[in-house]
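Engineer: The structure under discussion is supplied below as structure tokens; questions concerning it will follow.
Each value in this text was obtained by applying a stated rule to the coordinates, not by laboratory testing. Nothing here was measured: the structure is a model prediction, and the numbers come from that model. Because the Cβ atoms are built from the backbone with ideal geometry, glycine has one as well, and the counts that use them run over all protein chains shown.
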Amino acid sequence: MSQVEAMVSLERLTRRFGDVTAVDGLSFDVASAELFGLVGPDGSGKTTTLRMLAGVLLPTEGDALMNGTSMARNPESAKPDLAYMSQRFGLYSDLTVRENLHFYADLYEVPRAERDQRMERLFRFSNLGPFTERLAGKLSGGMKQKLGLSCALIHQPKILLLDEPTFGVDPISRRDLWLIVHEMVAEGVTVIVSTAYMDEAERFDRVALLNEGRLLALATPAEMQEELKGKVYAVVVDRLREARDRLQPLHQVERAAVFGDRLHVTLTDPSHAPVIETTLQDGGFSVRGTDRIEPSMEDVFIHHVSQAGVL
Amino acid sequence: MSGRAAPAVRVEGLTKCFGDFVAVDHVTFDVRPGEIFGFLGPNGAGKTTTIKMLTGLLPPSEGSGSVAGLDIETEADRIKRQIGYMSQLFSLYADLTVEENVRFFSGLYGVDRARRLERRDWVLEMAGLTEHRRRLTGELPLGWKQRLALGCAVIHEPPTLFLDEPTSGVDPISRRRFWDLIYQLAEAGTTTFVSTHYMEEAEYCHRLALMNRGALIALDTPAALRDGLRVPMLEIETNDAPRAVAALGDAPGVRDAAMFGRRIHVTVDDSITARPVIASALEGHGLEVGDMTDITPSLEDVFVALVRRAGGAPDE
């Protein structure tokens, strides 16, 4: 990515709280109109990173340039370009859907003339149109998230930062949320989304995998999965946990785990596939099937953590 | 797993009405001892109401059920000692040590005095926290807290365990470790109910029950659910995914279109005949049509398709 295109640029961005380094020297660029994922478990530094990008928390070291503005030196002047939806977005539960949107429009000084048109558009994407007079406190969890997102978008920001927008939202409402996000990307907005759900990583253009404040990997989801292509197998076998314990110590096996009624086995090399059946048969197990499967993002994450020697 | 043993949980025509609203509508299923049974469904589908009836917190309006051999209506009080419960908002005390939490729960659940030490050691060992027994619970990493919460929920050796999004937000390695404990309990005969919105958790269950608008709309293993919904699905590249989804809304032969990153996933009646229809619908809207690939639906795709087929989620 060339320098010119970078809408967001992190330079050794670091944040410490006392002895704890929550974010440890993150450097990467996000291009204009890119849909970028910060993916990692709780405690991996996602929220702290987003709060620094949003200008609500100053970095201890390093910097983030948001559309060219330094968040270490000048966070206030970047704010008109930014929208940030935190995990506890401040909706007023005793105001209606429409009143909440007007409140944020006032806050961001959206001109009256443009306001109605933007609200109609947001209602259309969010399917909130039929509920404009409902109190925000009476909305379901998924609808609240959609309203929060609509409020964050009322001032047409260049960069949208979303902290775990799908947390606690059911799969049906999640689809509507993604639809709104993609509408924004299609209009040229740069979007950075954090999630602890590995399976959501496949939706992003590029993904930064975070663990304990550090960058484990940065690539497109396809590139990440490519590394494990041909190495992940599902095995249907009896005495699952015993079978897992038999396979795990083998040097050809990076990891074996029980999933419901089968094992998932990650090999260190695709050529080792036969070792699964021979080992289990020698151990007196009855193997009912061995199938090569697509590596999941969870497999990818565990692979990188193993490689980084964190285990 | 022996299919012949008496069911650990049996529910027949279970129904709950609140005024005119039917929250749970004639639900029937059996759960085998040692089975890990997942409960899925959009918000408002009736999962929580069903679980409240199974745990004796809410009497059914109609129908019947039993948990660990106890009737959920007439023996509701006795059920509470026969179950363990753990939710994502666990009830651990942050300002107590690990050991103190275990002691607290063992008192709460009325574990025999004679067995308390033995059970305490078992819980600490199982959760892998023996060496950390004197640490404050609030200082532990999330994955450890979740294992401790599980240990506390099973300290009284309940035959039935209820988990509500137990591994939400935890790193994948801790999650696998958590599920290993569940499998260990399952092998020893504990029956586990898991309710979740996340397919990552659902994948660990033996069977999944999908609810929508109070009704049970599917019940099978994760693999069978995926295989059963062998509806053809295409992944399509285009230059404007949101507009492409809208453009395919009423195209003939298209059942559902959803965004997946910059691509779209389209459920169709027939993958061969749908291709030209989709291409002309997209081109008619001035959209570019890139590669079209046949794909296998994910568990989440299956979930959404089944909910739509059953009339859509309550919010829609």
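Engineer: Add -39500 (n - 2.57) for each DSSP H run of 4 or more in chain A, then divide by its residues: what number comes out at 222 nm, to the nearest 500 deg cm²/dmol?
Structural biologist: That calculation yields -9500 deg cm²/dmol at 222 nm.
Engineer: Is the shape of the protein assembly as shown rounded, prolate or oblate, going by the alpha carbon gyration tensor and its root eigenvalues a ≥ b ≥ c, with a/c under 1.5 for rounded and a/b larger than b/c for prolate?
Structural biologist: Rounded shape, in that the Cα axes give a/c under 1.5.
Engineer: Please compute the net charge surrounding B:Leu108, taking Lys and Arg as +1 and Asp and Glu as -1 over other residues with Cβ under 13 Å from its Cβ.
Structural biologist: Summing Lys and Arg as +1 and Asp and Glu as -1 gives +4.
Engineer: In whole Hz, what ³J(HN,Hα) sequence does the stretch B:196-203 give by Karplus (6.51, -1.76, 1.60; θ = phi - 60°), x for Gly and Pro?
Structural biologist: With coefficients 6.51, -1.76 and 1.60, one gets 7, 9, 10, 5, 4, 7, 4, 4 Hz.
Engineer: Give me D for the stretch A:226-290 in µm² s⁻¹, whole number, from Stokes-Einstein with Rh from the Kirkwood sum over alpha-carbon pairs, 20 °C and 1.002 mPa s.
Structural biologist: Stokes-Einstein gives a translational diffusion coefficient of 187 µm²/s.
Engineer: So what is the calculated 222 nm ellipticity per residue for chain B, using -39500 (n - 2.57) for each DSSP H run with n of 4 or more, over all residues, to the nearest 500 deg cm²/dmol?
Structural biologist: -9500 deg cm²/dmol
Engineer: Quick query: amide H of A:Arg255 versus all other amide H atoms, modeled in the peptide plane; which residues come in under 5 Å with a sequence gap of 5 or more or a different chain?
Structural biologist: A:Thr266
Engineer: Quick check: Cα centre of the stretch A:131-205 to Cα centre of the stretch B:188-244, how many Å?
Structural biologist: 22 Å
Engineer: If you line up the Cα atoms of the stretch A:12-93 on their principal axes, what length do they span on each, largest first, in Å?
Structural biologist: Dimensions of the stretch A:12-93 along the principal axes of its Cα atoms: 35, 34, 24 Å.
Engineer: For the stretch A:278-288, what does the Karplus curve 6.51 cos²θ - 1.76 cosθ + 1.60, with θ = phi - 60°, yield as ³J(HN,Hα) per residue in whole Hz, taken in order and with x for Gly and Pro?
Structural biologist: Each residue of the stretch A:278-288 in turn: 5, 4, 5, 5, 4, x, x, 7, 9, 8, 9 Hz.
Engineer: Further question on the same structure: Above 18 angstrom, tally the Cα pairs of the stretch B:232-296 and express them as a % of all pairs, no decimals.
Structural biologist: For the stretch B:232-296, the fraction of Cα-Cα distances above 18 Å is 18 percent.
Engineer: A further question follows. May I ask you to list the residues of the stretch B:268-298 whose amide nitrogen lies under 18 Å from a point 7 Å from Cα along the Cα→beta-carbon direction of B:Asp227?
Structural biologist: Hits in the stretch B:268-298 for B:Asp227 at 18 Å: B:296-298.
Engineer: Can you work out the base-10 log of I(q)/I(0) for the stretch B:5-50 at q = 0.26 1/Å, using the Debye formula on its C-alpha atoms alone?
Structural biologist: Values, matching the q order: -1.01.
Engineer: While we're on this one: Show the residues, 5+ positions off or on another chain, whose built amide H is closer than 5 Å to the amide H of A:Val56.
Structural biologist: For A:Val56, no residues qualify.
Engineer: Antiparallel as a % of all DSSP beta bridges within the protein assembly as shown, to the nearest 5?
Structural biologist: DSSP beta bridges in the protein assembly as shown are roughly 65 percent antiparallel.
Engineer: Next question. For A:Asp282, what charge total do you get from the other residues with a beta carbon under 15 Å from its beta carbon, if Lys and Arg give +1 and Asp and Glu give -1?
Structural biologist: Every neighbour counted, the sum reads -2.
Engineer: While we're here: Could you give the distance between the Cα centres of the stretch A:282-311 and the stretch A:62-104, to the whole Å?
Structural biologist: 41 Å
Engineer: Please average, across the residues of A:172-180, the number of beta carbons from any other chain that are within 10 Å of each residue's own beta carbon, and give a whole number.
Structural biologist: Per residue, the number of nearby Cβ atoms from other chains is 5 on average.
Engineer: Using modelled amide H (1.01 Å from N, peptide plane; none on Pro or chain starts), what sits under 5 Å from the amide H of A:Tyr92, excluding residues fewer than 5 places away?
Structural biologist: Amide H neighbours of A:Tyr92, under 5 Å, 5+ apart: none.
Engineer: Over the alpha-carbon set of chain A, work out the extent along each principal axis and list the three values in angstrom, largest first.
Structural biologist: Principal-axis extents of chain A (Cα, largest first): 76, 45, 36 Å.
Engineer: Kindly provide the Kirkwood hydrodynamic radius of the stretch A:75-222 in Å, to one decimal, from all pairs of distinct alpha carbon atoms.
Structural biologist: Roughly 16.0 Å, rounded to one decimal.
Engineer: Here is a further query. Can you tell me the FRET efficiency between B:Ile295 and A:Glu227 if r is taken as the Cβ-Cβ distance and R0 is 22 Å, rounded to the nearest 0.05?
Structural biologist: 0.60
Engineer: Also: Please list 3J(HN,Hα) in residue order for the stretch A:112-128, calculated via the Karplus relation 6.51 cos²θ - 1.76 cosθ + 1.60 where θ = phi - 60°; whole Hz, with x for glycine and proline.
Structural biologist: 3, 4, 8, 4, 4, 4, 5, 5, 4, 4, 5, 4, 5, 5, 8, 6, 8
Engineer: Compute the helix-to-body angle for A:297-307: its Cα long axis versus the longest principal axis of chain A, expressed 0 to 90° and rounded to tens.
Structural biologist: 70 degrees
Engineer: What are the semi-axes of the equivalent ellipsoid of the stretch B:20-150, taken as the square roots of 5 times the eigenvalues of the Cα gyration tensor, listed largest first and rounded to whole Å?
Structural biologist: 33, 18, 13
Engineer: Here is a follow-up. Could you calculate the contour length gain from B:Glu131 to B:Arg78, that is, 0.36 nm times the residue separation minus the distance between their Cα atoms, to one decimal place in nm?
Structural biologist: Gain in length upon complete extension: 15.5 nm.
Engineer: Sorted by average packing, counted as other Cβ atoms within 10 angstrom per residue and highest first, what order do A:115-127, B:39-51, B:164-176 take?
Structural biologist: For the peptides A:115-127, B:39-51, B:164-176, the packing ranking is B:39-51, B:164-176, A:115-127.
Engineer: To continue, here is another question. State, to one decimal in nm², a quarter of the convex hull surface area for the C-alpha atoms of chain B, i.e. the direction-averaged projected area.
Structural biologist: 19.0 nm²
Engineer: Report, for the stretch B:160-278, the % of DSSP beta bridges that are antiparallel, rounded to 5.
Structural biologist: Given both bridge residues lie in the stretch B:160-278, the antiparallel proportion sits at roughly 75 percent.
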